[in-house]
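Every number in this text was worked out from the coordinates using simple rules, so none of it is lab data. Since the structure is predicted, the reported quantities are computational estimates derived from the model, not experimental observations. Don't worry about glycine lacking a Cβ; one is built from the backbone with ideal geometry, like all the others, and counts go over all protein chains shown.
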Amino acid sequence: MNTIISPPASASNGAQVIPISLDINGQQHNLQVEPFVTLLDLLRERLQLTGAKKGCDHGQCGACTVIVDGKRINSCLKLAVSLDGASVTTIEGIGTETKLHPLQQAFMDHDAFQCGYCTPGQICSAKALLDEGHCKSRADVREWMSGNLCRCGAYNNITDAVMEVLEKEGAKT
Amino acid sequence: MIRFDYVRPSDVASATQAAHVGAAPLPEVRFLAGGTNLIDLMKENVERPTTVVDINRLPLGKIEAAPDGGLRLGALASNADTAFHPDVKARYPLLASAILAGASPQLRNAATNGGNLNQRTRCYYFYDTATPCNKREPGSGCGALGGVNRIHAILGASPDCIATHPSDMCVALAALDAVVNVSGPDGERQIPFADYHRLPGDEPWRDNTLKQGELVTSIDVPQGDFGAHYTYLKLRDRLSYAFALVSVAVALKLDDGKLSDVRIALGGVAHKPWRVPAAEALLNGQTPSKELFHQAAARILDGAVGQGTNDFKIELARRAIARALAQAVAGTPQSQSDKRIK
């Protein structure tokens, strides 16, 4: 596994700088971050992982959803320093262009987006939903995807896409 | 976001010591757990701590048997892990249901039990630093009085503040007679749930009875036998991921067709989960009936006052209480995914 050492953050503003280590999509990162840096800003601004989006920046829209230690969370509401030692999976760690995750294929097949801005968060959320194993029905999926807003209103198609993968995965077990 | 000092203690004593500075009424030290409310409020410039004490490394994440036979919920256990803990699901389904009625899956994964108790109101004026708010800035006035107050209190409000406590989980904990365990500079103490949150009075900046430097370490839920007859009925402006306009937690027992040990707690209507023991006493020993449920509802809502945009909540609460009692008696608790109210 490669170890990436990011250049230290500028401390010229006098802010405290704290060393942290994060596993991000299977790569170890040793970082120096100021305490006020959220996980979302760290991913987007420092590590150029711009899949997770900044929609509302207040935990209301779900566009910033990533998976930390197996649990989906809003990365905009998490200080990076508080996650020292954690494992983070972003949309960049789910499938590749040549080998899509089944959810990514289902989102395309079902036209589950228009502008696509919410899609990385939707897919991270849906992946965690499948792993959690609480959803059995369409009503369950609607409830358990409610933390991800879609301003284009592709909700029915998003539900169709998640249901398709849920039913296929269910058929496997 | 504002600049602040960050410390990450590894034991409770160092955490409470780190927080034992600053002065009332707006201490400048904040404990950071899940961050879902605090970080948001810091971005809004509502919370402006000079020091953030990250308590995530403290050993407070367990859910285990309490000494009295009940369950002890660690302050740092997440809301999601609590709702799906086998003992919570089996013995306290009311609590699981209330937790799952709140927020979103992402927020419940990050939010902790201690943080759920200590979250601040979602009053629009508290959040909007361009408007007056006695809770945010003592003495500045109340924007919600005479303003838009759809989500505001109908019970226990004061001329200084009509904010509500936003938690769903706390409504169930109130109904279940939980006890909050805290640790602070003066040692440990236990606070009965009814005494934990407070009414605004003339000190609306104080949400609860914690003293400076005190930290919630766990919550004890006493033994109870409410697995058969309970419900958490939450009414809101959209079907999911919205705060309650009115919510009702009911737990009760039926002995030979007679009601006993009835508990009714309301959310979304006051500065704290609202319980009226006299209304519960009215029901105990009686044969359940719609008429009786409405009598209890009337007793609970005795003294309710609308503030303009929230006048409808008095009638909504009256019907919700009667409906929730009927659901609990019938043993048909409200589903939190299929939202049809039966």
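In chain A, the longest principal axis of the Cα atoms and the axis of helix A:119-132 are about 70 degrees apart. Largest first and in whole Å, the equivalent-ellipsoid semi-axes of the protein assembly as shown read 37, 29, 22, each the square root of five times a Cα gyration tensor eigenvalue. Taking max minus min of the alpha-carbon positions on each principal axis, segment B:75-169 gives extents of 47, 24, 19 Å, largest first.
Counting, for every residue in B:32-45, the Cβ atoms of other protein chains within 10 Å of its Cβ and taking the mean gives 4.
Rg and Dmax, both from the Cα atoms of segment B:5-56 and both in Å, are 10.7, 30. Residue by residue along A:131-142, Cβ atoms of other protein chains within 10 Å of the local Cβ number 3 on average. Here the extension length gained between B:GLU137 and B:GLN223 equals 26.9 nm, from 0.36 nm per residue of separation less the Cα-Cα distance. With a Förster radius of 35 Å applied to the C-beta separation of A:GLN27 and B:ALA242, the computed FRET efficiency comes to 0.40.
Extents of segment B:164-227, largest first, come to 37, 29, 14 Å (Cα atoms, principal axes, whole angstrom). Per residue of A:70-76, other chain Cβ atoms within 10 Å of the residue Cβ number 6 on average.
Assuming R0 = 45 Å, what is the FRET efficiency of B:THR332 and A:THR50, from their Cβ-Cβ distance, to the nearest 0.05? Here the calculated transfer efficiency is 0.40.
Highest mean packing first, where packing is the average number of other Cβ atoms within 10 Å per residue, the peptides B:147-154, B:66-73 line up as B:147-154, B:66-73. For segment B:230-330, the gyration tensor built on C-alpha atoms gives a prolate shape. Its axis ratio a/c (a ≥ b ≥ c) is at least 1.5, and a/b is the larger of a/b and b/c. The fewest-to-most ranking of B:LYS234, B:LYS342 by surrounding Cβ atoms within 10 Å reads B:LYS342, B:LYS234.
Taking every Cα-Cα distance in chain B and sorting them into 20 Å bins starting at zero, the pair-distance distribution P(r) comes out as 32, 59, 9, 0 percent. For the protein assembly as shown, the mean residue ellipticity at 222 nm estimated from helices alone is -7500 deg cm²/dmol, where every DSSP H run of n ≥ 4 contributes -39500 (n - 2.57) and the total is divided by all residues, rounded to the nearest 500. How big is D for chain A, in µm² s⁻¹ as a whole number, if Stokes-Einstein is applied with the Kirkwood radius of its Cα pairs at 10 °C and 1.306 mPa s? In µm²/s, the coefficient is 95.
Using alpha-carbon positions, what is the distance between the centroids of segment B:165-215 and segment B:248-300, in Å? Distance between centres, Cα-based: 23 Å. Taking every DSSP beta bridge that has both ends in segment A:1-136, the antiparallel portion is near 75%. Between B:GLN286 and B:LYS339, the distance separating the two model label sites (each 7 Å from Cα on the Cα→Cβ line) works out to 3.2 nm. Can you pick out the pairs among A:LYS78/B:LYS313; A:LYS127/B:LYS313; B:LYS258/B:LYS342; B:LYS211/B:LYS272; B:LYS43/B:LYS313; B:LYS211/B:LYS339 whose Cα atoms lie more than 29 Å from each other? Check vs 29 Å cut-off fails for A:LYS78/B:LYS313; A:LYS127/B:LYS313; B:LYS43/B:LYS313; B:LYS211/B:LYS339. Would you mind classifying segment A:93-151 by shape? Square roots of the alpha carbon gyration tensor eigenvalues, ordered a ≥ b ≥ c; an a/c under 1.5 is rounded, otherwise it is prolate if a/b is larger than b/c and oblate if not. Here segment A:93-151 falls in the oblate category.
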